[in-house]
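Visitor: Attaching a single structure in structure tokens format; questions to follow.
The values are calculated or read from the model by the stated rules, or taken from the named source; none is laboratory data. Since the model is a prediction, treat every value here as computed from it, not as a measurement. Methodologically, a virtual Cβ is constructed for each residue, glycine included, from the backbone with ideal geometry; neighbour enumeration extends over all protein chains shown.
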Amino acid sequence: MHRPNRPGFAKPAIAIGSTALLSIGALAASAGSASAATYIHAKYKVTGSTTLAGPNATLPLGPGTLAATVNAKTGKVTATLTLPDATGSFEEFGIVPVTATAEFINDGPTTGTVNTSTGAVATTSKITLRIVSLSVAGINVPVGNSCETAQPVVAALKSQKGFNILAGGNVAGTYTIGDFANCGLATLLINLTIPASGNSITLTLGKAKISS
């Protein structure tokens with residue numbers, strides 16, 4: 001859609017673009033060598049939370065790390081997100097207390113882009129969710145060692161207002177959880193509870209640490 005020129009629009013747009021380019025330039029300068037100026041390695045501390053739409057439960061995430069490589073020329077990003085196991089509790093059918101602990105297993109690297117005009121970041125991650133432990137009404141329910149989503153979860157995240165690739169900030173998005181498999185007798189219960197669309201996730205990235 002064509003955006004008509006309006007007084008006061010051009011200057012903020014130019015300012016945002018300049019800030020993005022300066023940030024990427026600062027990353028390149030921090031990296032040092034000529035080769036590093038093309039591929040920049042940044043590491044962030046990560047915390048956050050995810051809300052599961054099925055059981056209406058929120059799981060705290062982190063602290064973890066995000067190790068990213070940015071191509072300063074193209075804006076392409078590859079990254080590895082590392083998070084510890086996350087535990088959440090909810091009430092099945094509104095009355096039965098359930099506690100589950102999940103492991104996040106990367107299915108390949110996170111990929112995405114940095115918009116060199118605006119500084120916005122968009123990434124896509126493929127993650128297998130594995131249920132490590134499950135208790136229902138205080139009773140441990142065996143799930144085995146391979147109770148996981150049959151297909152990887154695809155999470156598309158975008159940077160939020162105030163995000164800066166040097167200073168960090170929030171990235172957020174939604175994702176769908178499909179059915180679980182190999183959970184023994186707990187498979188039916190899990191698949192009646194957890195799989196759903198409209199799950200949300202917000203991650204807060206700390207200040208970038210740059211290395212060559």
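Visitor: Any residue in the range 37-53 that's basic (Lys, Arg): show its pairings with residues that are at pLDDT below 95 at Cβ separation under 6 Å, as long as the two are six or more apart or on different chains.
Guide: Once the first residue is basic (Lys, Arg) and sits in the range 37-53, its partners that are at pLDDT below 95 give Lys43/Lys209.
Visitor: Turning to a different aspect of this structure: Conditions: (1) modelled with pLDDT of 90 or more; (2) within 24 Å of Leu157 (Cβ to Cβ). Val98 meets all but one. Number of the miss?
Guide: (2)
Visitor: While we're looking at this one, here's another question. Does the range 192-212 hold any residues that are more than 23 Å from Val154 (Cα to Cα) and buried (at least 17 other Cβ atoms within 10 Å of the Cβ), and which are they? Step through it out loud before you land on a result.
Guide: Within the range 192-212, the first condition is being more than 23 Å from Val154 (Cα to Cα), and the residues that meet it are 206-212.
Selection gives Ala208, Ile210.
Visitor: Taking Thr51, is it closer than 30 Å to Asn191 by Cα and either β-branched (Val, Ile, Thr) or at pLDDT 95 or above (or both)?
Guide: Details: closer than 30 Å to Asn191 by Cα: yes; either β-branched (Val, Ile, Thr) or at pLDDT 95 or above (or both): yes.
Spelling it out, Thr51 is indeed closer than 30 Å to Asn191 by Cα and either β-branched (Val, Ile, Thr) or at pLDDT 95 or above (or both).
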